[in-house]
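What follows is one structure encoded as structure tokens, with my remarks underneath.
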Amino acid sequence: MGWGNIYKRRVKVFTVALIIYFDYKALQQREKWANKSKKASLWEKAHERNAKRVLNLIVELEGLWVKLGQYLSTRADVLPEAYTCLLKQLQDSLPPRSLKEVCQTIEKEFGKTMDDLFLDFVKVPLATASIAQVHRATLSDGQDVVVKVQHDGIKAVILEDLKNAKSIVDWIAWAEPQYNFHPMIDEWCKEAPKELDFNHEAENTRKVSRNLRCNKRCDDSKPANHVDVLIPEVIQSTEKVLILEYMDGVHLNDAESLRALGIDKQKLVEEITRAYAHQIYVDGFFNGDPHPGNFLVSKEPPHRPILLDFGLTKLLSSSLKQALAKMFLAAAEGDHVALLSAFAEMGLKFRLDVPEQAMEVTSVFFRSSTPANEALESMKMLSEQRSKNLKVIQEKMKLNEKEVKRFNPVDAFPSDIVIFGRVLNLLRGLSATMNVRIVYIDIMRPFAESVLQCNLNRGPALNPRWIYDTPVHSDVEAKLRQLLVELGNAEKILGIQVCAYKDGEVIIDTAAGVLGKYDPRPVQPDSLFSVFSVTKGISAGLVHWLVDNGKLKLDDNIANIWPEFGSNGKDQIKVHHVLNHTSGLHNAMGGISQEDPFLMTDWNECLKRIAMTAAETAPGHEQLYHYLSFGWLCGGIIERASGRRFQELLEEVFVRPLKIDGELYVGIPPGVESRLATLTVDMDDLTKLSNVSNRSDLPSTFQPQQMAQLATTLPVIFNSLYARRAIIPAANGHCSARALARYYAALAEGGKVPPPHYASMPTLGSHPHIPKFPSQQTVKKQKSRKKTAASDADGPGPTQNSNSSIENGCGHDGKGNVYLRIPDNNSYNGGDTSSDNRNIKLFHNQRVHDAFMGVGEYENLTYPNGQFGLGFKRSYSTNGELVGFGHSGMGGSTGFCNIKHKFAIAVTLNKLSFGSVTAKIIHLICSELNIPVPQEISRLVETGSSDQLEIGKPLIN
């Protein structure tokens, strides 16, 4: 191609591009003055004239522009009908090259005459496309074939067109910054030249055919995710000529023939979609050009799709294939955490924290296709949503109108997924062209899941690193790990952490399994688990701290602290009524999940609603579990009594003194998403729960039937960042087991902070992240209330150190029994003692244990013989002795302590069960340590095996 031709092509391309650009810009101004009735007509005429300009240019230039036209012709879901109708001509009906040129290319490539190669060669081509044209022929051995012959000189044309296309993309990005197509054109520049080597295409065709196990006969014994399509066999190839088996078929755009054959278009497009799902997710090797011209339908029943043209293909790495599968499944399940994890794995980075928009865009990406006649309305909705998203970005970044147009929220875009995105768009356009509706979520899910199949049963048998590699602290921990392996192989555990303290020292700190059903990353000691109602024990601790520091009294009327709360006859409800679950507000806001599940993420609105609600029973008359209301009641009391925001006080009072920074939150801050475990449900336990009869100790809106229903919806809600970032002090704690165990170890000794936990890496408390929550409004401090000093959080001055119970490698359980302790080179004794928090106490009150459990002088503040003390559930031994306190959550996570034996334990898990797994773990540990097994744990374990476990009273409180 001479410089003269190159220059002419460039001038033509840019001239037409400018004409079209200014035509639409002028129309945007003109429509402001036009009547509403005429606006649609103006746009329709503009689309028609500009579509003709595009078509004429493409036909004249051919080359790469034909590829672009073919792509645009399939986008009936986004482009006006004028474009798609005209550009359909480009799919396989371009002006043919001369027969002489074709024959010369064939003879040159094979070094033989046409007569030597073929018995018959049909002069009129079957189709002419951008790079080649196809003729039907008969080989010398009598086989019917098609011969694909590359256009002479097309390579130089394609390479030049790529340069021109890149220049246009640069110009568009400058003129309209919101339309940045650089990643797409860069990937196209890399991949398009490969189409010019037909040996490459021949090998691709063979590979895809092998992967899809294509054959011509119907086979009743089909493997899982079998795809019923045909691919022609490769007979022979050179760089510029490809000879394929001839298959008699009907083109997809031949509506009359499709009707005559009685072909089900819906089923046809679904099977093509399945074929691409298999290529992408199972094989990691897929055809990147699924426009209608590259498909036929076999004329013989069962009328299977015939896949053609494998010049443009993409090979995915194993890690990228898994990331794409995770991205799809995260979008299907609304799981923000898994989605952000998938983005990180594929190298997609954002300039600002807008996870809700990331989920929205991805969901749109995988949305069900719509027929062409619904495309206009669909695009209108997408455009409106895009405007709203830009508004959010503008407010978040404080940008003006001009700046927001030039702001690109994507910081890094992986080129490897460009072709993947192109394929999905082409498939969407194909379904719109065929006027069918395809539900991609349903069709693609089995294939995406198959990529991560190893994670669905990611137990120890399949994962030798299932137990995270951390030191074994004791023989008890070694036995626990054996139990976790057994439970993992029985598929009762997905991901789990267990940490236990004895006499102020860590004796167990184990992490095992994976972070989620679709997240194969290992659970580590610093992974964060959603622990549901375990959060209540943390909220209750804050209330007791305020009492301990003189900011609050247990018998205070809440209305005196929180004036709005006194409405609707609640002026007699006291602080201790809330802590003891006797306020009469057990069902308050119980219907919030039915009204709007995400309403619970609005902290201020929930406080407002809980303040305005009415009690069902008189305070102190009945103890019924306050499953959601407890958190907002405690949260309102905490913020009004302290004049501080809930999360600020939590950080100051517990997180920093305990040195558990970054591992205990009620509402996570941005930046910790990569450490979050994803929730799923143990369906076996769920089935058992749905068969359980009602319980008198639970409110009417929280009976087993409702719990079973909640269990199916909670993972969806609490896997979203809307819920994870919210303040829900009854149900939204996110912590590691070692942070939770440390909290209860301190409570077990009246608030004395244990020695630092250096045993596992990363070291507990080593996360430098200090949470900031700019989206939350600061609580207004009442003028009459003194500001809480930061020193209050650290408690009083130094107290006497207790003697360590670890001597010569052995620990004592208080009854003379001894457990073997395994030495640890990173133990506390070798560390720096200058700032180890050994002298800090969280509470002043010497009888704080009595306050937690509601006994002794606090007994008159509790319901007689109730299961709850003041904010914590009482823990009894099997002989009825009150030994400690704690709180469990729906799903099995738990934290509690035995005061007499100075024992504290925490279990966090992401496969939600109803106590069986947790009970087995705690029963083993307590038995090995000769510590009384808590009554509720013993009941769960002794009723039978895990397969026959009676869960009439699941461990939820």
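The values are calculated or read from the model by the stated rules, or taken from the named source; none is laboratory data. Being a predicted model, the structure only gives us computed values, none of them experimental. Methodologically, a virtual Cβ is constructed for each residue, glycine included, from the backbone with ideal geometry; neighbour enumeration extends over all protein chains shown. Just the protein is used for accessible areas: all its heavy atoms, side chains included, with ligands, DNA and RNA removed. Shrake-Rupley method; radii C 1.70, N 1.55, O 1.52, S 1.80 Å.
Assorted remarks:
- Residue count for the range 552-598, restricted to those that are more than 25 Å from SER533 (Cα to Cα) and touching a Pro at 6+ places or on another chain (Cβ under 8 Å): 1
- Residue within the range 733-742 that is in contact with a strand residue (DSSP E or B) (Cβ under 9 Å, 6 or more places away or on another chain) and at pLDDT below 85 present: no
- Residues in the range 1-25 that are without any contact (Cβ under 8 Å) to a residue 24 or more places away in the chain and under 43 Å from the mean Cα position of the chain (by Cα): LEU18, PHE22, LYS25.
- Candidates ALA330, ALA275: the one that is under 20 Å from ASN204 (Cβ atoms), in a helix (DSSP H, G or I) and either open to solvent by less than 10 Å² (accessible area, probe 1.4 Å) or in the same structural domain as LEU721 (by the TED database) (or both) is ALA275.
- Entry remark, the range 494-528: residues being buried (at least 19 other Cβ atoms within 10 Å of the Cβ), more than 30 Å from PRO755 (Cβ to Cβ) and not basic (Lys, Arg) number 5 in total.
- One residue from GLU622, GLU639, GLU605, GLU616 being open to solvent by less than 40 Å² (accessible area, probe 1.4 Å) and charged (D, E, K, R): GLU639
- Selection within the range 862-873 - closer than 23 Å to GLY635 by Cβ and surrounded by fewer than 21 Cβ atoms within 10 Å (Cβ to Cβ): TYR863, GLY866, GLN867
- Residue list for the range 892-926, filter: in a strand (DSSP E or B), open to solvent by 10 Å² or more (accessible area, probe 1.4 Å) and under 19 Å from ALA746 (Cα atoms): PHE896
- Subset of the range 874-885 [in contact with a Ser or Thr (Cβ under 8 Å, 6 or more places away or on another chain) and either under 15 Å from HIS544 (Cβ atoms) or not in a strand (DSSP E or B) (or both)]: THR878, PHE885
- Verdict on VAL297 being open to solvent by less than 10 Å² (accessible area, probe 1.4 Å), touching a strand residue (DSSP E or B) at 6+ places or on another chain (Cβ under 8 Å), of a type outside the set (Phe, Trp, Tyr) and assigned by the TED database to the domain that holds MET327: yes
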